[in-house]
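What follows is a set of notes on a single structure, which appears directly below.
The values are calculated or read from the model by the stated rules, or taken from the named source; none is laboratory data. Everything numeric in this text was worked out from a predicted model, so none of it was measured. Cβ placement follows ideal geometry from the backbone for every residue including glycine, while neighbour counts extend to all protein chains displayed. Only protein heavy atoms, including side chains, enter the accessible area calculation; ligands, DNA and RNA are left aside. Shrake-Rupley method; radii C 1.70, N 1.55, O 1.52, S 1.80 Å.
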Amino acid sequence: MMRRGFILPEVMTALVLTGIVAGALFAMVRTQVRLVSAGIERTSRADALRVASLVIGAETRAAAPADIHGIGPDSLAVRIFRGTGIVCAHENDVTHMRYRGFRQPDPVKDSVLIADTDEVISVSGYGSMGRPCGTGEVSLGLRLGGAPQRVGTVLLVFETGTYHFSTRALRFRRGNEGRQPITDEMLDDAHTGFTPSGSAFSARITLRAGQRAATPFERALVVFPSLNR
Amino acid sequence: MSPRREGFIIAVTLLVMLLLEVLAGGMLLVALHERVVATARNDVTTARARAETAIAREVGAWKHGEFHRMRVGEVRAIESDSTSVRIERLRGDLFLLAGTAPLRPGASSGGFGRAFLLLRAFDTQMLLQQLTGALVLAAPAQLLGDTRVAGALSTDCEWTGGPPAGVATTRPDMLTVGTAAEVAGLPPVLLDTFPREAAPRLAGLSLSEIAALADRTATGAITPAPALLNGNCDKGHPANWGTPLESEHPCADYVPFIYADGDLEIAGGAGQGLLVVTGNLVVRHGATFNGVIVAGGSVLIANATVRGAIYARSPSDPAVLLDASVLFEPCAINAALFSPPLLHRPLFPPGRIWLPAH
C-alpha cells in the first residue's frame, strides 16, 4: 500500500516539472523567434534607408543643374542617364557610336544630350547595328534628330523621370506610367522628403515606427553632392 | 535516479543548446550581411573618389603631358598609385579622361571605381588647316604699292598642310593687285573652298574661351618691343610680345598669344606669336610680326612685314595691303600655334564636366 500511494505525488511532481521545462522552452523559442523576426525587419529597414539614398545619389552624382527639372517636397524630377556614346561614323542618316550603358537606348522613352554643349536631340529609331566603331567596341546605330554630330562627339542617352517618396516607399515614375516601388514600404511619409539647398538638394529619410524592433538608424539626412554643380 | 531519466535531461539540454546556436548563427549571418554591404559601399565610394582624384591630378599636370600634340583618336594611359587615367582625344577640341581605381588597392581583380571627365582645348590642327595661304581672305582685298605676298614652304620646319598659296580667297573676283604688287605661291591666288567654321568660333572654341587662353590682352595702339627685367625677359611688360629680330635676345623664345577684343593698331615695333583681333586691325610704321594673325574685321597693313600667315575672317570688311610684305612661314606659324604658354590649357565645357560612369 505504501508503494502504491507514493505514485500520485511522483506523477504530479513529474507533471509539474515537465510543465515548467516546457514553458521555459516555449518562452525561449518564442523569444528567439521574435529576435529573428526583429533582425529581419531591422535588415529590411536598413536596406530601405540605404537603397533610397544610394539610388538617388548614384543618379544625381554626375547631374548638372540643367538635369534637375524640379524639386518638390516629396518629388525629384530629373534626367536619368542610361548610357554614353561616342560618335564614330555616319552612314546615310544613321549615327554610329561606341556605346556603353546600363541598357540599350529606347527610342520610345529616351532622348540624347550632347555632352559638351548640353543640346538635347531626339532619337527617332535604330539604325543598322553592323558597323563596328573599332576593335572590341560595342557599336550602336541610332537615327538622331538635327544635324549630324561630329565624329568624337560625346552623346548621353537619358530618360526623364520623377522620384517620389510616397505611400511609405521610394518610387520612380516615368511619364504617365504608375509609380514603381524601389524600396520596401518602410518609410514614414510625414517625415520623409526632399529639400532644395542652393544648387544642390538633400533628402530627409525617416523610417516608420517598427512593429518589432527599433533600428539604430531611424532617420537620415542625406545631402547629395554633384560633381557638376 | 535511473539511467533513463539522466538521458532525458541531457537530450533536453542538447536541444535547447542546438536551438540557441541556430538562432545565434542566424543573428550572426544578419550582422555579417550588414557588414559586407557596408564594406562594399565604402569600397565603391573610396574607389570612385580615387578615380576622380587621379583625373583631377592629370588635369592639374596637363601642360607637362604635351597632350595638345596628340592626334585625334590617339589614346594615352597614365598609371599611378594603382590608379590609371586613360586620355583620349575624341575631337580636335575635345578630350575624354577616364579614371579607374580598383575597389581594393593592389588587387589585380575585382571591381573598379570609374570616373569620366570631358575637357575642351584649342584645336590647333583645325586652325592650321584653315591657313591655306599667306593671306587668307573672305572679303574684297587690295594689294597696292610695293606689296609682296608669297606662299612658299621652307625645309626648316615641318608643315602638314598643302602647298601654300599667296592669297587664298573665296572671292578672287574681288581681289585687286596693283601694278607694282607681287603675288607668289602654289598657286599665287587660290579659290578657297575649304570649309571653315563659322565666326566668331575659332579653333573649336568660343571667343570667351579663346580670351581665357590669352597670355596678354591688347587694345588701342601699341608698339611692341621686347623688355628685360634683371637681365631676363620681362613677360609681364604689356608691350613685350617677344622678339623675332634678335635670336640671342632673352625674349627670343617668348611667343605669346595676344588677344584684342575690339580694334587694334600696331604702330611700329616688333613682336611674335598668335594675335587674335575681334575688330579692325592696322599694322604700320615699319612694324614686324612673326606668327599668325586672325582678324575679325578689316585689315590694313601698310609699310609693315608679317612672316607667317594672316587670316582675315570677315566676309564684308576689306583688307588693304600697301607697301607691305606678307610671307608664308611655317616655322613662325608652328611657333605661334604650339609655343604660347597658356594656349593649350584645358577648358571645362560649359554644360557639364563630369560624365555619368557607365
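For the stretch A:4-22, check the following and say yes or no: at least one residue is in contact with a helix residue (DSSP H, G or I) (Cβ under 8 Å, 6 or more places away or on another chain) and within 11 Å of chain B (Cβ to nearest Cβ).
Checked the stretch A:4-22: at least one residue is in contact with a helix residue (DSSP H, G or I) (Cβ under 8 Å, 6 or more places away or on another chain) and within 11 Å of chain B (Cβ to nearest Cβ).
Here is a yes/no grid of residues against (1) in contact with a His (Cβ under 6 Å, 6 or more places away or on another chain); (2) of a type in the set (Val, Ile, Thr); (3) under 18 Å from B:ALA304 (Cα atoms); (4) surrounded by 21 or more Cβ atoms within 10 Å (Cβ to Cβ):
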{"position": "B:PHE112", "(1), (2), (3), (4)": "no, no, no, no"}
{"position": "B:ALA115", "(1), (2), (3), (4)": "no, no, no, yes"}
{"position": "B:LEU119", "(1), (2), (3), (4)": "no, no, no, yes"}
{"position": "B:ALA139", "(1), (2), (3), (4)": "no, no, no, no"}
{"position": "B:LEU144", "(1), (2), (3), (4)": "no, no, yes, no"}
{"position": "B:VAL149", "(1), (2), (3), (4)": "no, yes, yes, yes"}
{"position": "B:ALA152", "(1), (2), (3), (4)": "no, no, no, no"}
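Within the stretch B:51-61, identify whether any single residue is within 14 Å of another protein chain (Cβ to nearest Cβ), surrounded by 13 or more Cβ atoms within 10 Å (Cβ to Cβ), farther than 30 Å from A:PHE26 by Cα and among the polar types (S, T, N, Q), and answer yes or no.
There is at least one residue in the stretch B:51-61 that is within 14 Å of another protein chain (Cβ to nearest Cβ), surrounded by 13 or more Cβ atoms within 10 Å (Cβ to Cβ), farther than 30 Å from A:PHE26 by Cα and among the polar types (S, T, N, Q).
If B:LEU14 passes every condition in (1) modelled with pLDDT of 80 or more; (2) facing another protein chain (nearest Cβ under 8 Å); (3) within 21 Å of A:ARG30 (Cα to Cα) but one, which one does it miss?
Among (1) modelled with pLDDT of 80 or more; (2) facing another protein chain (nearest Cβ under 8 Å); (3) within 21 Å of A:ARG30 (Cα to Cα), B:LEU14 violates only (2).
Can you run down the residue pairs with Cβ atoms below 9 Å, 6 or more apart or on separate chains, where the first is in the stretch B:200-214 and in contact (Cβ under 8 Å) with a residue 40 or more places away in the chain and the partner is assigned to a helix (DSSP H, G or I) and of a type in the set (Gly, Ala, Ser)?
B:LEU205/B:ALA212
Between A:VAL94, A:VAL87, which is within 14 Å of B:LEU96 (Cβ to Cβ), of a type in the set (A, V, I, L, M, F, W, C) and either at pLDDT below 90 or open to solvent by less than 20 Å² (accessible area, probe 1.4 Å) (or both)?
None of the others qualify; the one that does is A:VAL87.
So, restricting to strands (runs of 3 or more DSSP E) that lie completely within the stretch A:17-108, which ones have at least 1 residues that are touching a residue at least 12 places away in the same chain (Cβ under 8 Å), closer than 28 Å to A:GLU218 by Cα and not aromatic (Phe, Trp, Tyr)?
Where strands (runs of 3 or more DSSP E) fall fully within the stretch A:17-108 and carry at least 1 residues being touching a residue at least 12 places away in the same chain (Cβ under 8 Å), closer than 28 Å to A:GLU218 by Cα and not aromatic (Phe, Trp, Tyr), they are A:68-71, A:75-91.
So the check is Cβ under 8 Å with 6+ separation or different chains; which pairs have a first residue in the stretch A:183-200 that's farther than 19 Å from A:ARG173 by Cα and a second one that's open to solvent by 80 Å² or more (accessible area, probe 1.4 Å) and hydrophobic (A, V, I, L, M, F, W, C)?
These pairs meet every condition: A:ASP188/A:ALA209; A:SER197/A:VAL223; A:ALA200/A:VAL223.
Report, by residue number, each residue of the stretch A:209-229 that is under 28 Å from A:ARG42 (Cβ atoms) and at pLDDT below 80.
A:ALA209, A:GLY210, A:GLN211, A:ARG212, A:ALA213, A:ALA214, A:THR215, A:PRO216, A:PHE217, A:GLU218
Being at the interface with chain A (Cβ under 9 Å from one of its Cβ atoms) and open to solvent by 60 Å² or more (accessible area, probe 1.4 Å) is the filter here, so list the residues in the stretch B:30-50 that pass it.
The answer is B:HIS33, B:ARG41, B:ARG48.
Out of curiosity, is B:ALA180 in a loop (DSSP other than H, G, I, E, B) and either crowded, with 16+ Cβ neighbours inside 10 Å or of a type in the set (Phe, Trp, Tyr) (or both)? Break it down into steps so the answer makes sense when it comes.
On the way: in a loop (DSSP other than H, G, I, E, B): yes; either crowded, with 16+ Cβ neighbours inside 10 Å or of a type in the set (Phe, Trp, Tyr) (or both): no.
No.
Tally time: how many residues in the stretch B:8-28 are touching a helix residue (DSSP H, G or I) at 6+ places or on another chain (Cβ under 9 Å), under 21 Å from A:ASP47 (Cβ atoms) and loosely packed, with under 13 Cβ neighbours inside 10 Å?
Looking only at that region, the number is 0.
Among A:SER75, A:SER53, A:SER44, which is hydroxyl-bearing (Ser, Thr, Tyr), more than 13 Å from chain B (Cβ to nearest Cβ) and within 18 Å of the chain's Cα centre (by Cα)? First the steps, then the outcome.
Numbers: A:SER53 fails: more than 13 Å from chain B (Cβ to nearest Cβ); A:SER44 fails: more than 13 Å from chain B (Cβ to nearest Cβ).
Exactly one residue qualifies, and that residue is A:SER75.
Would you mind finding the one in B:PRO340, B:PRO350 that is at pLDDT below 95, within 14 Å of another protein chain (Cβ to nearest Cβ) and either part of a strand (DSSP E or B) or under 26 Å from the mean Cα position of the chain (by Cα) (or both)?
On inspection, the qualifying residue turns out to be B:PRO350.
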